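Written out below as structure tokens is the structure these notes cover.
Bear in mind that the values in this text are calculations on the coordinates, not laboratory data. Please read these numbers as outputs of a predicted model, since none were measured by experiment. Note: ideal-geometry Cβ built from the backbone for every residue, glycine included; neighbour counts use all protein chains shown.
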Amino acid sequence: MSYVGKNIRKLRTVKKLSQAAFAELFGLARPSVGAYEEGRSEPKMETLIQIAQHFGLSVDLLLTKELTVNELYHFDIFKEQLQPSASAAEELAEADRQPQVTPLVHRNRVLEYIVRHHDPAFIDLLPGLQLPHQLTGPTRAFEVSGADMLLHRQGLRHQDIVLCGRIDKARPSLHNGRVYVFVTPGKILIRRLAARLPDGLTLKLRPDNPDYSSQDLELTQALEIWEVKGVFTTHLRAPALLDERVAELERRVEELAERLGAQN
């Protein structure tokens with residue numbers, strides 16, 4: 001695991017550099033700095049060397065250890081201040097409280113996303129959502145298209161937005177019953193994992209809506225895998241079918257009680 005993104009943000013905070021100022025210092029585009037700090041991409045080796053040399057650190061330290069503010073003040077370039085100021089600590093804490101910007105993939109940009117999902121410049125141009133959450137690592141939001149995951153008016157509706165956390169494709173930790181977004185060469189699938197077949201390389205995926213068919217997906221076909229962690233919707237959810245039946249029974253019991261009371 002690389003800590004370079006977190007360390008870059010702490011270096012900026014301690015030295016009171018904006019993302020734009022940091023980018024100018026090393027000949028970078030400002031969105032690239034944001035991508036580094038959010039873990040969506042990492043600097044090239046020559047950039048890492050420049051950063052390390054400028055701040056008197058080692059490349060190995062930048063990559064393999066999450067530096068604390070106190071540690072940063074002990075390196076040569078920070079020795080003009082023996083202790084971090086209260087304002088610097090407050091700024092860092094405020095930076096940690098800032099809601100993470102999550103790139104949003106609208107349903108009309110699915111094909112474009114499939115082709116350019118690996119391009120940090122393209123990801124930076126996607127609209128961003130600032131939703132409160134506790135997810136770590138890269139996040140992504142996808143607009144739902146269709147009613148594949150809708151059953152008895154419950155589930156994911158057309159135009160809902162799902163908030164997702166990234167699954168490491170090299171070592172995918174997948175759990176039966178959970179909902180995932182699979183980016184494939186032909187489409188983006190939002191499906192519930194029903195089972196992992198005995199070969200370990202094939203997934204049985206099913207929609208919640210029985211009008212749609214289940215399908216098998218080989219892991220090698222997945223360009224990206226995201227686990228759905230939450231949903232944003234503008235639809236007022238209708239009561240579940242069971243809730244409707246309970247409400248009807250309660251209504252009938254009340255009517256019966258009123259009739260018995262009237263007879264007495």
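Here are some notes:
- Residue by residue, segment 114-120 carries 3J(HN,Hα) couplings of 4, 6, 10, 4, 8, 9, x Hz when phi is fed to the Karplus relation 6.51 cos²θ - 1.76 cosθ + 1.60 (θ = phi - 60°); x denotes Gly or Pro.
- From phi via Karplus (6.51, -1.76, 1.60), per-residue ³J(HN,Hα) for segment 8-19 in Hz, x at Gly/Pro: 4, 5, 5, 4, 4, 5, 5, 8, 6, 9, 6, 4
- Full-stretch length increase - residue 135, residue 171 - with 0.36 nm per residue and alpha-carbon distance subtracted: 11.1 nm
- Cα-Cα separations in segment 1-70 greater than 13 Å, expressed as whole percent: 61 percent
- Ratio Rg/Rh, restricted to segment 101-232 and using Cα atoms, in which Rh is the Kirkwood radius: 0.94
- Ordering of 178-186, 251-259 by packing [mean C-beta count within 10 Å, highest first]: 178-186, 251-259
- Computed 3J(HN,Hα) for segment 219-235, one whole-Hz value per residue from the Karplus formula 6.51 cos²θ - 1.76 cosθ + 1.60 where θ = phi - 60°, is 4, 5, 7, 7, 6, 8, 10, 10, 9, 6, 10, x, 9, 10, 9, 9, 8, glycine and proline marked x.
- Kirkwood hydrodynamic radius of segment 93-177, Cα pairs, Å: 14.7 Å
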